[in-house]
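Just below is one structure, and these are the notes that go with it.
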Amino acid sequence: DVKVTQSSRYLVKRTGEKVFLECVQDMDHENMFWYRQDPGLGLRLIYFSYDVKMKEKGDIPEGYSVSREKKERFSLILESASTNQTSMYLCASNGGAASYEQYFGPGTRLTVT
Amino acid sequence: GDSVTQMEGPVTLSEEAFLTINCTYTATGYPSLFWYVQYPGEGLQLLLKATKADDKGSNKGFEATYRKETTSFHLEKGSVQVSDSAVYFCALLYGGATNKLIFGTGTLLAVQP
């Protein structure tokens, strides 16, 4: 059974803190993605990675960075959290050019106070 | 640029009612189209897909037909159940080797017994 796991379901952080969101997949997928989900806006792509140490900006990368040191793990970093980054964060992966389906983790609901 | 527009929710139906959730898209070329579903407290999962014009995707009683002439991919189900209550996202494949998806804003479906 395919699996994408995220380190926390709920997270509360203070403004200005550095925040790490971790995502791990066990399917040996090349591609991994970070989205944020907000009511009325759907899912918006923050960053994606198509290989270890490779990354590309998505539609809303400002205020975020990512790290992919190992194929199975993709981290999203908020260098200095702000209240407008309060959101649901979803990680996904897929297997490359021949694979359409993205597999999603359960999400991390981040609240920045 | 490429985009997806889906009907606003919430959609509230009684059990066994007929469901239609409208989705239209704007894209260069001929994208693949998808419906994803997000059950309460979970990540997204692929419901069905269609990769070329006139294809019909189907799963769990849901269907959607890729209509190039109307640039639409409407989701239908003949008889909804309470367990179908979820948020439904229409998406198109952005293309290229990394398979980026562009999502609609999501439609909340609430089915009442």
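Remarks
- Positive-end residue of A:21, A:45, A:92, charge dipole of chain A with Cβ unit charges: A:21
- Phi angles across region A:25-36 convert, under the Karplus curve 6.51 cos²θ - 1.76 cosθ + 1.60 with θ = phi - 60°, into 3J(HN,Hα) values of 10, 10, 10, 6, 6, 6, 9, 9, 9, 10, 10, 10 Hz, Gly and Pro given as x.
- Cα pair count fraction exceeding 15 Å, expressed as % - region B:21-107: 55
- Above-threshold pairs, the threshold being 22 Å between Cα atoms, out of A:13/A:53; A:55/B:52; A:57/B:52; A:18/A:55; A:55/B:100: A:13/A:53; A:55/B:52; A:57/B:52
- Pairs of C-alpha atoms in region A:70-113 farther apart than 11 Å represent 74 percent of all such pairs.
- Two-decimal Rg/Rh across region A:1-56, once Rg and the Kirkwood Rh are taken from alpha-carbon atoms: 0.99
- Residues A:7, A:93, arranged from fewest to most other Cβ atoms within 10 angstrom of their Cβ, appear as A:7, A:93.
- The trypsin sites (Lys or Arg not before Pro) of region A:43-113 meeting both criteria, a DSSP state outside H, G, I, E and B (loop) and at most 14 other C-beta atoms within 10 angstrom of the site's C-beta, are A:53.
- Base-10 log of normalised Debye intensity for chain A (one unit scatterer per alpha-carbon) at q = 0.18, 0.22 Å⁻¹: -0.84, -1.24
- Using the alpha carbons alone, the radius of gyration of the protein assembly as shown stands to its Kirkwood radius in an Rg to Rh ratio of 0.97.
Throughout, read-outs are computed from the coordinates displayed, never taken from laboratory work. Please read all numbers here as calculations on a predicted model, not as lab measurements. Don't worry about glycine lacking a Cβ; one is built from the backbone with ideal geometry, like all the others, and counts go over all protein chains shown.
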